[in-house]
1. Condition first: surrounded by fewer than 16 Cβ atoms within 10 Å (Cβ to Cβ) and in a loop (DSSP other than H, G, I, E, B). Now tell me which residues in the stretch 30-52 satisfy that.
2. Name the one entry in SER86, SER44, SER27, SER51 that is at pLDDT below 90 and under 15 Å from ILE116 (Cβ atoms).
3. What single numbered condition from (1) modelled with pLDDT under 90; (2) buried (at least 16 other Cβ atoms within 10 Å of the Cβ); (3) under 29 Å from GLY243 (Cβ atoms) fails to hold for PRO173?
4. Counting residues that are in contact (Cβ under 8 Å) with a residue 40 or more places away in the chain and not assigned by TED's automatic domain parsing to the domain that holds VAL54, which strands (runs of 3 or more DSSP E) fully inside the stretch 186-255 reach at least 2?
5. Take the stretch 217-237 and flag every residue that is touching a Leu at 6+ places or on another chain (Cβ under 8 Å) and either within 17 Å of ILE195 (Cβ to Cβ) or at pLDDT below 90 (or both).
6. What number of residues in the stretch 240-255 are surrounded by 15 or more Cβ atoms within 10 Å (Cβ to Cβ) and either at pLDDT below 90 or under 21 Å from CYS94 (Cβ atoms) (or both)?
7. Return the residue satisfying two criteria in turn: it lies in the stretch 204-255 and is among the hydroxyl-bearing types (Ser, Thr, Tyr) and over 21 Å from the mean Cα position of the chain (by Cα), and of such residues it is nearest to ASN58 (Cα to Cα).
8. Of (1) modelled with pLDDT of 90 or more; (2) at negative phi; (3) in a loop (DSSP other than H, G, I, E, B), VAL77 satisfies all except one. Which?
Amino acid sequence: MVIRNQYNRIDIGFTVVLIWCSMFSASGQDFKNRDLSFEFNYPSSDVYVGSDSVGSFNGTIKNISTGTITIAVVRRVNALAETWTSSICLGQICYNESLDSVAIELNAGDSTFCGILIWTAGADTGMIQLDLFDLTNINEHIFVDLNIYTSTTAGVGDNTLVPEQIILYPAFPNPFNPVTEIGYELKNDIYISLIIYDIIGNNIKSLVMSDQTAGYQSVRWNATNNLGAAVSAGIYIYMIQAGGFSQSRKILLLK
């Protein structure tokens with residue numbers, strides 16, 4: 001099945017036979033000294049999560065070639081505690097936790113978000129390995145080993161879990177019907193607004209307009225407007241504003 005959006009996204013389930021591949025260290029720039037068609041940049045492969053919370057790994061894929069490429073993201077290892085789950089996020093979508101491989105088409109010079117959401121229940125540690133490669137050249141891989149720690153097992157204070165910037169995550173699920181969850185992280189206590197708009201800019205639903213504490217937060221939208229009435233199927237935009245910061249993403253409601 002093919003689902004297309006801004007970048008002609010392709011969901012894929014496949015088994016790739018690897019004839020040969022070189023393992024790269026998870027340094028944040030695993031493409032170094034390689035003639036790859038894309039870059040994958042990220043700040044750290046260590047992920048710190050609360051013991052009953054949601055954590056995230058975030059990176060950016062950039063097409064550095066002169067043509068259109070299709071990048072596959074495969075979760076090769078998902079070694080988590082039995083009560084933990086993880087989900088691959090690519091572009092505007094965080095996929096079902098059962099999906100281990102997705103792909104996206106990028107035009108020359110385009111970039112897209114790539115990450116992992118991790119839901120924890122109890123204190124433990126875990127490891128996730130991501131494999132990124134261009135489907136036109138499956139011999140060139142970027143491997144990233146993510147080490148996941150809860151605050152208890154890592155022996156760190158609460159400040160370790162506070163993000164260095166405001167992050168608005170892709171809604172999950174997306175597309176959705178009738179409920180989706182929107183997650184975001186705040187670097188400090190601050191007043192925020194999180195509002196759903198239609199594609200012409202009308203305020204459909206004010207989800208959050210209040211002071212929020214630092215760290216991970218989430219809110220659900222049940223596809224209703226400010227009057228409590230169900231909205232029609234289509235594309236909507238959710239936007240977070242906090243101080244001088246604003247960011248928006250798209251979601252698709254199906255009926």
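1. Of everything in the stretch 30-52, those that are surrounded by fewer than 16 Cβ atoms within 10 Å (Cβ to Cβ) and in a loop (DSSP other than H, G, I, E, B) turn out to be LYS32, ASN33, ARG34, ASP35, PRO43, SER44, SER51, ASP52.
2. Unique residue meeting the criteria: SER44.
3. (3)
4. Values: elements: 190-198, 203-212, 215-221, 234-242, 245-253.
Fully inside the stretch 186-255 and qualifying: 190-198, 215-221, 234-242, 245-253.
5. GLN217, VAL219, TRP221, ALA223, VAL231, GLY234, ILE235, TYR236
6. We begin by selecting, within the stretch 240-255, every residue surrounded by 15 or more Cβ atoms within 10 Å (Cβ to Cβ); these are 240-242, 249-253.
Narrowing further to those that are either at pLDDT below 90 or under 21 Å from CYS94 (Cβ atoms) (or both): 240, 242, 249-253.
So the count comes out to 7.
7. Result: THR213.
8. The number of the failed condition is (3).
The values are calculated or read from the model by the stated rules, or taken from the named source; none is laboratory data. All figures in this text were calculated on a predicted structure; none of them were measured in a lab. Glycine gets a Cβ as well: all are built from the backbone with ideal geometry, and neighbour counts include every protein chain shown.
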